[in-house]
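Participant: If you scroll down you'll find the structure; I have some questions about it.
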Amino acid sequence: MATTATEIERADAIRWIQAEMANYGLTMDELEAAGFDPPLPPPPVACPVCYRNAERLTGDGQG
């Protein structure tokens, strides 16, 4: 079975990560114990429409 470029790139990335972990003396257990980045905050809630003019253009009073 032929190896695709994507598989080669993935294998190269894995080897690089393993080498960096070895350089810094990190183990998978330490990385797992450190946890993950905190989740992103939710997107801002859209402001309600405060007014609508005769042309049906709306505004929220901001800016």
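The values are calculated or read from the model by the stated rules, or taken from the named source; none is laboratory data. Computed from a predicted model, the values in this text were never measured in an experiment. Every residue, glycine as well, gets a Cβ built from its backbone with ideal geometry; the counts of neighbours run over all protein chains shown.
Participant: Here are GLU9, GLU32: which of them is among the acidic types (Asp, Glu) and either surrounded by 10 or more Cβ atoms within 10 Å (Cβ to Cβ) or at positive phi (or both)?
Facilitator: GLU9
Participant: Given (1) of a type in the set (Ser, Thr, Tyr); (2) surrounded by 10 or more Cβ atoms within 10 Å (Cβ to Cβ); (3) at pLDDT 95 or above, where does TYR24 come up short, assuming only one miss?
Facilitator: Result: TYR24 passes all but (2).
Participant: Of the residues that make up segment 10-17, is at least one at pLDDT below 90 and either touching a strand residue (DSSP E or B) at 6+ places or on another chain (Cβ under 6 Å) or among the hydrophobic types (A, V, I, L, M, F, W, C) (or both)?
Facilitator: No, every residue in segment 10-17 fails to be at pLDDT below 90 and either touching a strand residue (DSSP E or B) at 6+ places or on another chain (Cβ under 6 Å) or among the hydrophobic types (A, V, I, L, M, F, W, C) (or both).
Participant: Sort through VAL45, VAL49 and tell me the only one that's β-branched (Val, Ile, Thr), in contact with a Ser or Thr (Cβ under 9 Å, 6 or more places away or on another chain) and not in a helix (DSSP H, G or I).
Facilitator: Sole residue among the options that is β-branched (Val, Ile, Thr), in contact with a Ser or Thr (Cβ under 9 Å, 6 or more places away or on another chain) and not in a helix (DSSP H, G or I): VAL49.
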